[in-house]
Amino acid sequence: MTDKEILFRKKVSNYYIILIGILGWAFILYSIPFVAFSEKPIVLLLLMVLMLLSEYFQIPLFCIRMFSTMTFPILYIMNVYFGIYTAIIVFAIVLIFESFHHKRSLHSTIFNIAQYTLSLVGADWLIRIGMNTYFMEFPYENVLIILAFTALYFLINNVTNDLLFFIRPFPFTKSEWKEKALQEWVIATMSIVLLAFLDIYTDYLPNNVHDFTTILFLSIWIVIAMTLSILTRARIERQRLNGLSILSTELNRINTKDLDDKKSLLADTFNANAFVLLVKDNNAWKLLLKDGQVKSVVEFSDELSLYLDEVSDMTVVTGKDIDQLPCNNIFNKMILSQIFSPLIIDNEKVGMLIVGRVSEIGFSFDEIRSLTVLSNVLASTLRTRALILENEKLLILEERSRIARDIHDGIGQSLAGIVFQMESSLRKKSEYNGDISNQQIEKWIDKLRDSLKELRQSIYSLRTCPVEKHGLKRAIEEKIRNIEAEEKASITFTQRGEPYALSYQVEKVIYDIFQESLQNSVKHSNADKIEVMLKYGREQTMIKIKDDGIGFSLYDKLIKGQTEPHFGILTMSELAHDFGAKLEIDSAEGKGTEIRLGIRHFK
């Protein structure tokens, strides 16, 4: 959905809200002269208190993004006792108080009150028309009225609300609609049961205790609703804290190249419709991660960079203030509230986490506190990421310098010597009219072959290791699939233990030795069955390659390794030794081969 479409649908939804607001508040203003406070003022006051408690202790049902209340039975009783006008005015006052307490926006407050007013007036009007048209007396007539009134009230309320959900540009999926409908159906059913019970039960009681009984059962009802609200909120808070704990642990353990895998976990933990993670690199802001209602291209203007530099504390922006932000070009137009959380470590700002929602309500105190904890973890993760990237740059520079030295001291010197000898021989030939012997030519060819071997070895060392692209496990599986596609050997791969992050250098050593061992098993041992096991232990990481091939004499292999052009057993042993790893090779002619590599954690 483009910004133009979003703005158009927002404009239409605003007109719809205004229309509902005008109709609803017209009924409210019309009702004021007809309010009757004098009749049973104590009962009215108690019902109003119960209604306030019901609206204060909202109950999340089925979906933590949706909240409901058990106010309808109280509203119905108030309508029966005092009439529709008094019920409308009292309910409007209660909703104003509730909206102020929960810090709802003005247009949201106006729409909600108008929507409930129209639902109440519409249900009452239709019931009156039905009673005047189809008047009849029969047992439990009031139960039928309760059933019809409740059904009409919830029908009008949901149609009005769903129409707004359909018009507005904010995401509202079919599954969310089903959850909302189920939630409303449960509340309506429970309300019908309560009201029908009160109507039938009070018929058997004296008139002078009707009011007391009604207030008593409604009080019990509200106590149950309050208990459910508290327990449900505690469960949601526990889930949120548990999600925050998991997210913090994952971020502390994570290989920073895998941050993208944690997007959904972060979004679910904070019920976010959009978020971006920005990193500050060399005084320039860069986008590291994004998800949800974020523009496809995020441009960092000078104004945006300056604003991000100035944000030093947690900042919440909602409503029309968002349009004034230079950050307004990060999220789509449907994001109506944003929170900026600077990532600071050692008094240095290393990044910025910006979370957005389609609601103007903003963020609760608990959510802001959790975001603060997450920001501290993210700041540490980004600092670690910066150190790793800096270390990788140094390693690349060192590797380039080493390759340059090797080429200069090895291949360069060899080729220079061959050129010098050839030039000298050509001069002698021209001066003395002699011939160049075949022996001399063969000597040059041998030296060129040696130089070519060195060049191939240098080129091999420059190739990108698959673990850098895919990670260790996937790189091993890819290699096994490629070998099985080309060879007849059957290869099985198992992984044991809980995987944990390893440095790139360690993963590369494990993969290189695995790759060479697997190639040897297929090409030289003529193995039909090969077993590969990668084990993440408490003290070390181990890989084992075992085959049923012809085996070999380890002594002969080590001697031959001195003249191998590239990556023999001797080189594997030296590579393992450089990392403090333990390389074990068990083999005998006719008995297969087993190679085990173990690298301790502290190495």
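Here residue 262 clears all of (1) assigned to a helix (DSSP H, G or I); (2) touching a strand residue (DSSP E or B) at 6+ places or on another chain (Cβ under 7 Å); (3) modelled with pLDDT under 75; (4) open to solvent by less than 60 Å² (accessible area, probe 1.4 Å) except the condition numbered (2). Does segment 313-325 include one or more residues that are part of a loop (DSSP other than H, G, I, E, B), among the small types (Gly, Ala, Ser) and either surrounded by fewer than 15 Cβ atoms within 10 Å (Cβ to Cβ) or in the same structural domain as residue 103 (by the TED database) (or both)? Among the residues of segment 313-325, not one is part of a loop (DSSP other than H, G, I, E, B), among the small types (Gly, Ala, Ser) and either surrounded by fewer than 15 Cβ atoms within 10 Å (Cβ to Cβ) or in the same structural domain as residue 103 (by the TED database) (or both), which makes the answer no. The residues listed here are 424, 401, 430, 380; of these, the one that is in a helix (DSSP H, G or I), at pLDDT below 70 and not assigned by the TED database to the domain that holds residue 286 is 430. From the list 209, 186, the lone residue that is part of a helix (DSSP H, G or I), in the same structural domain as residue 45 (by the TED database) and in contact with a helix residue (DSSP H, G or I) (Cβ under 9 Å, 6 or more places away or on another chain) is 209. Say whether the condition of being under 16 Å from residue 596 (Cβ atoms), modelled with pLDDT of 80 or more and under 44 Å from the mean Cα position of the chain (by Cα) is met by at least one residue in segment 548-562. So far as segment 548-562 goes, no, none of its residues is under 16 Å from residue 596 (Cβ atoms), modelled with pLDDT of 80 or more and under 44 Å from the mean Cα position of the chain (by Cα). Screening segment 73-177 for helices (runs of 4 or more DSSP H) wholly inside it with 3 or more residues that are within 19 Å of residue 34 (Cβ to Cβ), open to solvent by 10 Å² or more (accessible area, probe 1.4 Å) and not assigned by the TED database to the domain that holds residue 358 returns the ranges 84-101, 106-133.
Looking at this structure, is residue 489 modelled with pLDDT of 75 or more and in contact with a Ser or Thr (Cβ under 8 Å, 6 or more places away or on another chain)? Yes.
The values are calculated or read from the model by the stated rules, or taken from the named source; none is laboratory data. Bear in mind the structure is a predicted one, so any value in this text is a computation, not a measurement. Cβ coordinates were reconstructed from backbone atoms using ideal geometry, including for glycine residues, and neighbour counts include every protein chain displayed. All accessible areas refer to the heavy atoms of the entire protein, side chains included, with ligands and DNA or RNA removed. Shrake-Rupley method; radii C 1.70, N 1.55, O 1.52, S 1.80 Å.
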